[in-house]
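Just below is one structure, and these are the notes that go with it.
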Amino acid sequence: NVKKVYPYAKLASAKMKEYDEMLSPIEKNRDKRRQIDLLQDELFAEFESELKGFTISQGKILVKLIDRETSHTTYNIIKDYRGGFMAGFWQLTGRVFGYNLKEPYDPKGKDKDIETIVIMIENGAI
């Protein structure tokens, strides 16, 4: 599961950096919101069908790995790009499926197994 979702977490990190650079020169909130809406539509068109095919456990791992790669919880990412209401909505939806979008990645504790597998992937061992 980690091997399947890890590339998506790396891609999410790269896309966030790209989008932050793209959005930083935009001063008006209205213009930023429009650009974010366009970017969201682009992301959904490109990845929605693939991500819908993930199992619940793969989704949980993806949420953890996105935090690992971006140093931001998924909740905070949604809040920064879409606002607090949408972040709350997705947190509530996630909780129904056993996710906690606010929970940080813990490579030395709860997420130690995931971290070990990621290091093995990065070293080419698996």
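The values are calculated or read from the model by the stated rules, or taken from the named source; none is laboratory data. Please read these numbers as outputs of a predicted model, since none were measured by experiment. Virtual Cβ from ideal backbone geometry, glycine too; neighbours counted across all protein chains shown. Areas reflect the complete protein model, heavy atoms only, side chains present, ligands, DNA and RNA absent. Shrake-Rupley method; radii C 1.70, N 1.55, O 1.52, S 1.80 Å.
Being assigned to a helix (DSSP H, G or I), under 20 Å from Gly94 (Cα atoms) and open to solvent by 80 Å² or more (accessible area, probe 1.4 Å) is a property that Lys17 lacks. Taking the criterion of being closer than 13 Å to Arg68 by Cβ, aliphatic (A, V, I, L, M) and open to solvent by 70 Å² or more (accessible area, probe 1.4 Å), the only residue of region 111-122 that qualifies is Ile119. Of the candidates Lys108, Lys102, the single residue that is open to solvent by 70 Å² or more (accessible area, probe 1.4 Å), of a type outside the set (A, V, I, L, M, F, W, C), farther than 20 Å from Asn1 by Cα and not in a helix (DSSP H, G or I) is Lys102. The single condition among (1) of a type in the set (D, E, K, R); (2) within 22 Å of Val118 (Cα to Cα); (3) outside any helix (DSSP H, G or I) that Glu27 does not satisfy is (2). Restricting attention to region 78-99, the residues being of a type outside the set (Val, Ile, Thr), surrounded by 11 or more Cβ atoms within 10 Å (Cβ to Cβ) and within 30 Å of Asp31 (Cα to Cα) number 13. Mind checking whether some residue in region 69-77 is under 15 Å from Ala9 (Cα atoms), charged (D, E, K, R) and at pLDDT 95 or above? There is at least one residue in region 69-77 that is under 15 Å from Ala9 (Cα atoms), charged (D, E, K, R) and at pLDDT 95 or above.
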